[in-house]
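The values are calculated or read from the model by the stated rules, or taken from the named source; none is laboratory data. On a predicted model such as this, the values are computed, not experimentally measured, just so you know. All Cβ positions, even for glycine, are placed from backbone atoms using ideal geometry, and neighbour counts span all protein chains on display.
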Amino acid sequence: MTRTGRRPGISTTRATILEIARRTFADAGYAGASMRAIAAEAGVDPSVVVHFFGSKDGLFQAAVGWPFDPTGLTQEVESKAEGDIGAGLARTFLRYWDDPKTGPSLLAMLRSAMAHPTSAALLREFLARNMFATVTELVQGDDVALRVDLAAGQLVGVAVLRYGLRVEPIASQSVEELVEWLAPVLNGYLGTERRKALT
């Protein structure tokens with residue numbers, strides 16, 4: 001019989017739930033993962049999972065290790081766009097990578113995804129559901145998913161060169177200098193060149 005309630009060590013309980021959640025989300029995806037099933041495997045009541053993580057979204061974000069809440073990302077991109085969605089997307093993306101609070105976590109997560117299949121599956125699921133889906137709200141026309149993926153690939157490539165490998169001169173450019181280079185390319189993928197932010 002599955003034991004319910006709180007395990008003796010709070011930090012141990014949380015770590016156990018996260019370990020099971022990572023495996024479950026990687027295997028079943030977000031839609032196929034159940035908080036109740038994760039709690040049962042961890043040997044705790046579902047209320048304990050809610051206590052630690054608040055919701056399924058909160059558990060998913062913690063399992064992935066994503067260092068900031070993606071809620072409202074579309075509005076953030078628009079607010080930084082100044083009439084140019086490509087610039088807003090690049091500016092928002094680079095701001096999180098440049099931030100000493102979120103940048104190291106993003107780099108660690110990217111490195112982990114490159115080396116471990118479970119981490120890669122988690123990151124793919126998170127990006128598809130929480131990040132790329134948000135950007136698609138700003139894009140119109142055909143092949144939206146492909147164009148968003150291409151834009152994301154451009155940004156991730158810059159992140160690898162700038163923050164992972166520290167390749168010059170990309171590593172020493174200011175964010176705004178990089179935004180000037182990246183915005184036209186991103187707009188080309190997204191079909192949003194110099195378009196006013198959508199309302």
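Listed by first and then second residue, the pairs linking a residue in region 143-170 that is within 16 Å of residue 95 (Cα to Cα) and surrounded by fewer than 17 Cβ atoms within 10 Å (Cβ to Cβ) to a residue that is at pLDDT 90 or above and of a type in the set (Gly, Ala, Ser), with Cβ atoms under 9 Å apart and 6 or more places separating them unless they lie on different chains, are 161/171. Name the residues in region 47-57 that are without any contact (Cβ under 8 Å) to a residue 24 or more places away in the chain and closer than 15 Å to residue 15 by Cα, would you? Residues satisfying the conditions are 50, 51. Scanning region 86-106 finds one or more residues that are part of a helix (DSSP H, G or I), touching a Gly at 6+ places or on another chain (Cβ under 9 Å) and farther than 22 Å from residue 181 by Cβ.
Residue by residue, here is whether (1) crowded, with 20+ Cβ neighbours inside 10 Å; (2) part of a helix (DSSP H, G or I); (3) modelled with pLDDT under 95 holds:
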residue	(1), (2), (3)
63	yes, yes, yes
77	yes, yes, yes
128	no, yes, yes
140	no, no, yes
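Matching residues to (1) surrounded by 20 or more Cβ atoms within 10 Å (Cβ to Cβ); (2) under 29 Å from residue 192 (Cβ atoms); (3) not assigned by TED's automatic domain parsing to the domain that holds residue 180:
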{"position": "46", "(1), (2), (3)": "no, no, yes"}
{"position": "55", "(1), (2), (3)": "no, no, yes"}
{"position": "85", "(1), (2), (3)": "yes, yes, no"}
{"position": "98", "(1), (2), (3)": "no, yes, no"}
{"position": "105", "(1), (2), (3)": "no, yes, no"}
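Just one of (1) in contact with a Ser or Thr (Cβ under 7 Å, 6 or more places away or on another chain); (2) surrounded by 15 or more Cβ atoms within 10 Å (Cβ to Cβ); (3) not in a helix (DSSP H, G or I) fails for residue 68. It is (2).
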